[in-house]
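Nothing in this text is a laboratory measurement; each read-out follows from the coordinates by a stated rule. Worth saying up front: this structure is predicted, and the values here are computed from it rather than measured. Note: ideal-geometry Cβ built from the backbone for every residue, glycine included; neighbour counts use all protein chains shown.
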Amino acid sequence: MNEAGEMKSSKGERVAIPGAVIDRFHEPSSVNEVVRVVEEAARDKTGLLIAGGRTRLNWANPARKISTGLSLVGLSGVDEFVPEEGVLHALAGTPIRELQAVANAEGWELALDPPGAKSTVGGTIASAAVGPRSQSFGRVADVILGLEVVLAEGLLTRCGSRVVKNVTGYDMAKLYCGSFGSLGVICGAWLRLRPMPAVREAYVARVEVSVSSFESFRSLRGCTSLRALVWSEAPDPSDVSGSRVAQVAMELGGSSEAVADDRESIVQSIGRDIEKVSVEHVDALRDARAEVASDSLVLRVRVLGSAAEEMKSLLVAKGLDVSVDPGLGTIHARGSLEQPADLLSIRERAGRAGGLAVFEKLPDPWREDIDVFDEQGDGASLFATLKERFDPLGILNPGRFTDRASAHA
């Protein structure tokens, strides 16, 4: 609130998102203010853009009937931390990097690794965003113990708690995780921590691109101390020989003995020396995935691990740069394609390989004909039903995540 007792809002700030331009943002500094903003939007039947660090605003279908934003960045801070239990409570606008520093100071680490230096707690949970360390960290949902969520009519609800295994019945927190703010506004979260590893080391290797070299690195996923593995490759139109070099980054973490054993196993497995670098090198590779300004197209493909090399090679052959998590079967690609049909063929190939393709940034002329999210069949129908149940007036991020053909999209 400002000195006059009014909620802070910014006028004149124009933020372009797919399908709309937002010229006003509410910036509440308390949960009660969030409730008030959502209540007013529900009363006026006005769509709200729900935003955090604005790292993934392009990652959405065209918005429908949105002119006002609700920014959670003012709702920030760690208000409870119980080091002896390895849990903390943070407000939604808290930067992930800030939480990591708080946890590290007490010998803990937060197992969240979203791309983007400005990623917040709420945005990370809403988008279920993971980075290279999900090789070790697992899913975003696995970190969540409880959430505070404001529903579309302005009702503040809570699910879960700070206590591990305190949930009976359906875990509602998992429903909100990955729903992109379309079912409720995440205001705060209880998060579980894990002990920091005694040793963290990072290495890079440069290898000639081949099926065998890729598979030799993918086989490293069994190393117990391997926290991250990133294969980076770019097409080289000037190379007529077809010979290319990829750079592979690895992060190890654990006891000094486990790290030393895995380091030796890696060198033996890939048959070459590796160069030590700072662990911040992996951070830089992760955060580069969130930098989308210079590319017209950014996509993420997830397939079975056994199909990752074939899919990676297809994307490079189409002229795209790739950043691959071989152990997870996840491929991040960027660049440009000439026709929407080229993009849809990638999605079709991913589906045949047992996976899916999500388009995190698209050329604007393609957006009306291409769904960003690869949700089809029963999954799409189920979420449309949930959207109708949780947000019948279409107040929260209308059109951005749900089926655009729905009544309020």
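A helix-only calculation puts the chain at -7500 deg cm²/dmol for mean residue ellipticity at 222 nm, using -39500 (n - 2.57) for each DSSP H run of at least four residues, averaged over all residues. Oblate is the label for the range 324-392. Its Cα gyration tensor axes, ordered a ≥ b ≥ c, give a/c of at least 1.5 and b/c at or above a/b. Distances between placed amide hydrogens fall under 5 Å for Gly19 paired with Ala63, all partners being 5 or more residues away or on another chain. Quick one: which of Lys118/Lys276; Lys174/Lys318; Lys174/Lys276; Lys45/Lys174; Lys276/Lys361 span more than 32 angstrom between C-alpha atoms? Beyond 32 Å: Lys174/Lys318; Lys174/Lys276; Lys276/Lys361. Label zone (Arg221, point 7 Å along Cα-to-C-beta; backbone nitrogen cut-off 11 Å) within the range 318-341: 325-330.
Using a/c under 1.5 as the rounded threshold, could you call the range 234-320 rounded, prolate or oblate? The axes a ≥ b ≥ c are square roots of the C-alpha gyration tensor eigenvalues, and prolate needs a/b larger than b/c, oblate otherwise. Could the numbers behind the result be given before it?
Details: a/c = 1.97, a/b = 1.54, b/c = 1.28.
It is prolate, given that a/c is not under 1.5 and a/b is the larger ratio.
Computed about the Cα centre, the dipole magnitude for the chain is approximately 600 debye when only Lys and Arg (+1) and Asp and Glu (-1) carry charge, each at its Cβ. Shape class for the chain: oblate, because the ratio a/c of the largest to smallest gyration tensor axis (alpha-carbon atoms, square roots of eigenvalues) is 1.5 or more and b/c is at least a/b.
Modelled spin-label separation between Ser243 and Thr157, with each label point placed 7 Å from Cα along the Cα-to-Cβ direction: 6.1 nm.
Of the peptides 68-74, 339-345, 181-187, 258-264, how do they stack up when ordered by the mean number of other Cβ atoms within 10 Å, highest first? Kindly include the intermediate steps, with their values, before the conclusion.
Values: 68-74: 22.4, 339-345: 13.4, 181-187: 26.4, 258-264: 17.0.
Highest-to-lowest ranking by the protection proxy: 181-187, 68-74, 258-264, 339-345.
One chain, two ends: Asp364 and Ala260. Fully extended at 0.36 nm per residue, the span grows by 32.5 nm beyond their Cα-Cα distance. The modelled label-to-label distance between Ala198 and Lys65, using points 7 Å beyond Cα along the C-beta direction, is 6.0 nm. Here each label is just a point 7 Å from Cα along the line to Cβ, and for Val277 and Ser336 those points are 2.7 nm apart. The distance from the alpha carbon centre of the range 190-252 to that of the range 87-164 is 26 Å, rounded to a whole number. Across the chain, the relative contact order, built from alpha-carbon pairs under 8 Å that are at least six residues apart, equals 17 percent.
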